[in-house]
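Taking it in order: structure first as structure tokens, then the write-up.
The values are calculated or read from the model by the stated rules, or taken from the named source; none is laboratory data. Quick caveat: nothing in here was measured; it's all calculated off a predicted structure. Ideal geometry is used to build each Cβ from the backbone, glycine not excepted, and the neighbour counts take in all protein chains shown.
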Amino acid sequence: MAMFQDFANVWTIIGSTAQLRKGHLLSVRVAAERIVLFRDASGEPAALLDRCPHRGVALSLGKLCEGVVQCPFHGWQFDGTGANRNVPWNPDAKKELLRATSLPVRELNGLLWLHTGPVAAVEPLPSETMLRPDLACTVQSARWSTHWTRAMENMLDMPHLPFVHRKTIGRQMASAGTEKMDVRWTPTPAGGRIENITPGRTRQTRLDFHYPNSMELVIDPPGRTLRIVAVCLPELAGATRMIFATYHSFAKSRLFDPLFRLANRRIAREDKHILESSDPPEVPPAAAERSVRTDDPTLAFRKLYFETLKGTSA
């Protein structure tokens, strides 16, 4: 079975644990595949392909009872491992041959991680920021009409800040473009680190790329921690769900969540407007577009994409 085309056998963040309420079914799309999420009988998160093996209907349209999903069409029932628990009218059915397809899912410090293949060889590797118990986390999402590779590449791009974000996070970088910006890409076990050196700036910017589809922006005002993890989750070929998790050591009351979401939404809309005009929508091979020295991080991402992700299946 070929599934998750162009998105290899990897872990990805798909949302916050707050979305996964006990007794409810949650349907999401990942790389054109529908996934149904729920909590099993023990309260642990579970994920199945949102497709009944009997006649292909969406399991998310059914109901959940004591951690078991019942298909809305013929009442077949599946637990969190995909095992068939009941086939109405067929007590002699070989239920072991009538399984749904389960996918590994993990709940880590407020975020849900999905493995895009039936078997996970390793566990997800969150950054140190995501595991810090002293930080509050504010999560939000938005849908962009662009290929996920364009969105991911944008998240790794420093030079666009004073132009696309000249009224927000790029305000302090505004210039005539005559200075020299040095952008450094350093491979890391998780993906890569991007640092830029700009004349006249005492505080330089750092980005951490987490393979295959997320970025952590390190802002850290003096004496505080402020970091934004952006996840570019492919839904369909031309649709990407952007997930933003803001980690902060201050204003930790949930009363401040709307303010963090408002700031992120404003910045994200600036990117969205530009990226949805990209042609072609999916990043092409490096030679197909003109690039310069400050494009090293995005070219490094393209190399990873074409060598390890594009055209693969789990």
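For residue 184, state whether it is modelled with pLDDT under 90, basic (Lys, Arg), out of contact with any His (no Cβ under 6 Å at 6 or more places or on another chain) and more than 20 Å from residue 143 (Cα to Cα).
Judged against the criteria, residue 184 is a match.
Restricting to the stretch 152-181, name every residue that is acidic (Asp, Glu) and at pLDDT 85 or above.
Within the stretch 152-181, 153, 157 meet the criteria.
Residues to consider are 150, 132, 143, 171; find the one that is among the charged types (D, E, K, R) and over 23 Å from the mean Cα position of the chain (by Cα).
171
With a cut-off of at least 3 residues that are in contact with a strand residue (DSSP E or B) (Cβ under 7 Å, 6 or more places away or on another chain) and over 21 Å from residue 240 (Cβ atoms), name the strands (runs of 3 or more DSSP E) lying wholly within the stretch 1-120.
Because the criterion is at least 3 residues that are in contact with a strand residue (DSSP E or B) (Cβ under 7 Å, 6 or more places away or on another chain) and over 21 Å from residue 240 (Cβ atoms), the strands (runs of 3 or more DSSP E) in the stretch 1-120 that meet it are 45-49, 68-70, 84-86.
Quick one: is residue 260 free of Cβ contacts under 8 Å to residues at least 24 places away in the same chain and surrounded by 14 or more Cβ atoms within 10 Å (Cβ to Cβ)?
When the stated conditions are applied, residue 260 does not pass them.
Taking the stretch 1-23 as the region of interest, how many residues are at pLDDT 95 or above and over 19 Å from residue 106 (Cβ atoms)?
Count: 0.
I'd like the residue in the stretch 270-294 that is of a type in the set (D, E, K, R) and in contact (Cβ under 8 Å) with a residue 24 or more places away in the chain and, out of all such residues, is surrounded by the most Cβ atoms within 10 Å (Cβ to Cβ).
Among them, the one singled out is 271.
Does the stretch 79-86 contain at least one residue that is in contact with a helix residue (DSSP H, G or I) (Cβ under 9 Å, 6 or more places away or on another chain), without any contact (Cβ under 8 Å) to a residue 40 or more places away in the chain and closer than 23 Å to residue 142 by Cα?
The answer is no; no qualifying residue exists.
Among the residues of the stretch 98-118, is any without any contact (Cβ under 8 Å) to a residue 40 or more places away in the chain and outside the structural domain of residue 273 (by TED's automatic domain parsing)?
Yes, there is a match, as at least one residue in the stretch 98-118 is without any contact (Cβ under 8 Å) to a residue 40 or more places away in the chain and outside the structural domain of residue 273 (by TED's automatic domain parsing).
Looking at the structure I just gave you, is residue 257 under 18 Å from the mean Cα position of the chain (by Cα) and assigned to a helix (DSSP H, G or I)?
No.
Hey, among 294, 240, which residue is closer than 20 Å to residue 216 by Cα, assigned by TED's automatic domain parsing to the domain that holds residue 210 and assigned to a helix (DSSP H, G or I)?
Answer to the selection: 294.
Which condition number in (1) under 25 Å from residue 128 (Cα atoms); (2) of a type in the set (Gly, Ala, Ser); (3) not in a loop (DSSP other than H, G, I, E, B) is the one that residue 287 fails?
In the conditions (1) under 25 Å from residue 128 (Cα atoms); (2) of a type in the set (Gly, Ala, Ser); (3) not in a loop (DSSP other than H, G, I, E, B), residue 287 misses (1) alone.
Applying the selection to the stretch 295-304, what residues are in contact (Cβ under 8 Å) with a residue 40 or more places away in the chain and in contact with a helix residue (DSSP H, G or I) (Cβ under 6 Å, 6 or more places away or on another chain)?
Residues satisfying the conditions are 298, 301, 302.
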